[in-house]
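Have a look at the structure below, then the notes.
The values are calculated or read from the model by the stated rules, or taken from the named source; none is laboratory data. Since the structure is predicted, the reported quantities are computational estimates derived from the model, not experimental observations. Don't worry about glycine lacking a Cβ; one is built from the backbone with ideal geometry, like all the others, and counts go over all protein chains shown. Remember, those area values only see protein heavy atoms, side chains included, never the ligands or the DNA or RNA. Shrake-Rupley method; radii C 1.70, N 1.55, O 1.52, S 1.80 Å.
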Amino acid sequence: MEIFSERLNLEFIPLPVSSFDDLSPALDKKLCDFIPMMSKTVFRSKRLDFTALYTEYDVAIIARENSPFIAGIPGLKGLKTRIMTASNLHEKLIAQYPKLTVVPVKSIEACLEQVSSGQLDTAVLSLPMASHYIRKNGMTNLKVAGHAGIKEDLRLVVPKKNTPLHSILSKVVRSLSLKEIEAVENKWMTIEIAPPMDYTLLWQIAGGAGGLLILVILWNRKLARLNREIASANHKLQDKTKELELISTRDSLTNLYNRRHVEKAFEKERLRTLRYNHDLALMLIDIDFFKAINDTFGHPVGDGVLKTFASLLNANIRATDILGRWGGEEFIIVCPEINIDNGQQMARMLCKKIAQTPFDTAGTQTASFGVTGFKKGDDIQAMISRADQALYQAKAKGRNRVETIE
């Protein structure tokens, strides 16, 4: 919020609320202008408008220190579990695991105290908040027993129909650099998780090895079976590692590169451009009137448009181009080894292709393009700024067109 305040040259006055459920009513009663931290859900989107996310974090399964490892949400079967009500997490869990028995709770501290005292087996909470209250209240008998496989996102939120404020806040969110986001996360949301290793099986094997000689053959057979299980577990772990690597670089909805990966890939191309004196172009793409699609047909149809749009772009760019979802309905393409004129030609081809492609329920759609070329001394923020200005000109001139700024 300090960064946003500085960028907008405005002073923000915080309005504390007593519980999570009081956030939306505060907007409805016009007690505040916007909410600085909220996760987007289908239910909330009916009443509120969200900017693109500016950070996200893991959801953890909290249990007592003697609890075994819990393999995700399916591992909670048969356990007494609580989650936060009126939350992104609650909505996602109910949608993905309708048979999961959970007891909603409004207070994170009360929830953790019940797990600590043994009234509950587990709690499913956001990792930073759980870590904060565990340290604050000295609950040393609690640990992270597993990960939910769900991420919570943070966005700025405004009331419906407040389009000018939504536009202003969206631009300031897009202006955040990777370094600024990482600095905030390192300050507030970093936690080291080192679950204790279970040595029970190792001591059983060691004790068995010191037993009677007649049992050696039986132990060898058992060890062989365990080795096979360990090998199988290692293969599964490698598969999970690859999956996590994919998640860390891809947007979950469109499967395009996410913002962080695009920024890192751009930096590599920038260095290569400087070294070999090659060209480099960048374009920002925004789906025209996308908010109207969500308002008219609902968010599932809007998500379908985003997926189709992403596939259409991906099928019509070069193998060397770097395509990513920049945020919301905005996409970015980094184009190595082409200048701004070639980038403009490519953008016009894509613009025409989009306008000619039907989008199922939503019908024909169009998009606006902002294109710029690399100049000595540019970083990604400089090029994004020019491309964003060009994109703004394209929308101001009627949309469904390409504009460039050198």
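Heavy atoms only, 1.4 Å probe, whole protein assembly: order Trp219, Trp326 by accessible area, highest first.
Trp219, Trp326
Among His278, His261, His166, which one shows the biggest mean-square fluctuation in a GNM of the chain, springs joining Cα atoms closer than 10 Å?
His278
If DNA, RNA and ligands are ignored and the probe is 1.4 Å, what is the ranking of Phe290, Phe34 by accessible area, most exposed first? Present the calculation step by step, with values, prior to reporting the outcome.
Numbers: Phe290 15, Phe34 40 Å².
Final ranking, largest accessible area leading: Phe34, Phe290.
Sequence neighbours fewer than 8 away in the same chain don't count; with that in mind, list the aspartates and glutamates whose C-alpha is under 17 Å from Lys376.
Glu267, Glu269, Asp279, Glu337, Glu406
Summing +1 for each Lys or Arg and -1 for each Asp or Glu, what net charge is found among the other residues whose Cβ lies under 14 Å from the Cβ of Leu215?
Numbers: positive: Arg221, Lys222; negative: none.
Once all neighbours under 14 Å are counted, the net charge is +2.
Per-residue HN-Hα couplings for segment 41-50, Karplus 6.51 cos²θ - 1.76 cosθ + 1.60 at θ = phi - 60°, whole Hz, x for Gly and Pro?
Karplus values, whole Hz, x for Gly and Pro: 10, 4, 5, 5, 5, 6, 10, 10, 10, 10.
At a 1.4 Å probe radius, which order do Ile317, Ile287 fall into by accessible area, largest first? Before the final figure, lay out each step's value.
Values: Ile317 30, Ile287 0 Å².
Ranked from most to least accessible, the order is Ile317, Ile287.
Excluding residues on the same chain fewer than 8 positions from Lys40, give the aspartates and glutamates whose Cα lies under 13 Å from its Cα.
Those aspartates and glutamates meeting the cut-off are Asp49, Glu56, Glu91, Glu152, Asp153.
Taking 20 Å as the cut-off for C-alpha to C-alpha distance, list the pairs among Lys92/Lys151; Lys268/Lys307; Lys46/Lys291; Lys77/Lys136; Lys375/Lys395 that go past it.
In this structure, Lys268/Lys307; Lys77/Lys136; Lys375/Lys395 lie more than 20 Å apart at Cα.
What's the angle, to the nearest 10 degrees (0 to 90), between helix 340-355's Cα axis and the longest principal axis of the chain?
80
Starting from the Cα gyration tensor of segment 109-188, take the square roots of the eigenvalues, sort them a ≥ b ≥ c, and report rounded, prolate or oblate (rounded when a/c is under 1.5, otherwise prolate if a/b is larger than b/c, else oblate).
prolate
Once the Cα atoms of helix 216-249 and of the chain are each reduced to a long axis, what angle between those two axes, in degrees from 0 to 90 to the nearest 10, is obtained?
20
Computed from the mean reciprocal separation of all distinct C-alpha pairs, what Kirkwood hydrodynamic radius does the chain have, in Å?
24.3
Using Cα atoms only, what is the angle between the long axis of helix 259-276 and the major principal axis of the chain, expressed in degrees (0 to 90) to the nearest 10?
Roughly 60 degrees, rounded to the nearest 10.
Take the eigenvalues of the Cα gyration tensor for segment 311-384, scale each by 5, and report the square roots as semi-axes in whole Å, largest first.
24, 13, 11
Which length gain, in nm to one decimal place, applies between Leu212 and Lys291 when the Cα-Cα distance is subtracted from 0.36 nm times their residue separation?
21.0 nm
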